[in-house]
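Remarks on the structure that follows.
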Amino acid sequence: MSRKRKHSIHKRRQRMTSILLKHVAIVHHSALGSGEVRSTDIRWERVVRLDEYSATAITRLRHYWAVLCCVMTDDKAMHINRVTVSAPLLQAELVDTLNEQHEQLLAEVKILIALEGKGVQVHSYGWIAMPVQQDLEDEKAERLFAAALKTLRREAA
């Protein structure tokens, strides 16, 4: 006679992973360079070094990523596109989706800027990817980008 399990190992792994990665975000900014990312803690708004378990959970498990694509202009405006991934993806597979979304947002912002005709230009762009679905306020996104850029300044010094 087989015993029915109430909870599978897979569900338990998903639950524990969501607890582990609840406050982790992967940040990319155009000033960091191509392919450079920083892992940040959303709560404390600072760059953190991931431990072995968190890094493995991000790279080897599929997640329903919540992504914030941003384009910043000279007049300190931040144009945001929130992307919700419909199917769970690995981090490596997420890059193609992000590139498409970024190109689309960048084209929309350039058209919008050209129609306004105020001489404003695109300053920089970036994205914030979170493996656990959550909303991020615009001000918090700006602070996360600033935290990622602080590490760039430290490396240059």
With the structure loaded, tell me whether residue 54 is of a type in the set (Gly, Ala, Ser), part of a helix (DSSP H, G or I) and touching a His at 6+ places or on another chain (Cβ under 9 Å) or whether it fails that test. no
Going through segment 121-157 one residue at a time, which ones are at pLDDT below 85, in contact with a strand residue (DSSP E or B) (Cβ under 6 Å, 6 or more places away or on another chain) and not in a helix (DSSP H, G or I)? none
Any residue in segment 129-141 that's closer than 13 Å to residue 64 by Cα: show its pairings with residues that are in a strand (DSSP E or B) and of a type in the set (S, T, N, Q) at Cβ separation under 8 Å, as long as the two are six or more apart or on different chains. 133/84
So which residues in segment 14-31 are touching a helix residue (DSSP H, G or I) at 6+ places or on another chain (Cβ under 9 Å), within 21 Å of residue 93 (Cβ to Cβ) and surrounded by fewer than 19 Cβ atoms within 10 Å (Cβ to Cβ), if there are any at all? 20
Being at pLDDT 90 or above and among the aliphatic types (A, V, I, L, M) is the requirement here; does residue 37 meet it? no
Could you please let me know if residue 22 is outside any strand (DSSP E or B), charged (D, E, K, R) and more than 26 Å from residue 151 (Cβ to Cβ)? no
If residue 11 satisfies every condition in (1) surrounded by 12 or more Cβ atoms within 10 Å (Cβ to Cβ); (2) part of a helix (DSSP H, G or I) but one, which is the exception? (1)
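Okay, residues lined up against (1) closer than 18 Å to residue 18 by Cα; (2) without any contact (Cβ under 8 Å) to a residue 40 or more places away in the chain; (3) not in a loop (DSSP other than H, G, I, E, B):
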position: 71; (1), (2), (3): no, no, yes
position: 79; (1), (2), (3): no, yes, yes
position: 83; (1), (2), (3): no, yes, yes
position: 86; (1), (2), (3): yes, yes, no
position: 95; (1), (2), (3): no, yes, yes
position: 99; (1), (2), (3): no, yes, yes
position: 103; (1), (2), (3): no, yes, yes
position: 108; (1), (2), (3): no, yes, yes
position: 118; (1), (2), (3): no, no, no
Cβ pairs under 6 Å, 6+ apart, first in segment 35-51 and surrounded by 14 or more Cβ atoms within 10 Å (Cβ to Cβ), second of a type in the set (Gly, Ala, Ser) and assigned to a loop (DSSP other than H, G, I, E, B): none
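One line per residue, one yes/no per condition, for (1) surrounded by 13 or more Cβ atoms within 10 Å (Cβ to Cβ); (2) farther than 20 Å from residue 38 by Cβ:
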| position | (1), (2) |
| --- | --- |
| 71 | yes, no |
| 92 | no, no |
| 96 | no, yes |
| 103 | no, yes |
| 127 | yes, no |
Residue satisfying all of: in segment 58-69; of a type outside the set (A, V, I, L, M, F, W, C) and in a loop (DSSP other than H, G, I, E, B); nearest to the chain's Cα centre (by Cα) among these: 64
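The values are calculated or read from the model by the stated rules, or taken from the named source; none is laboratory data. Since we're looking at a predicted model, the values are computed, not measured. Glycine also receives a Cβ, built like all others from the backbone with ideal geometry; neighbour counts cover every protein chain displayed.
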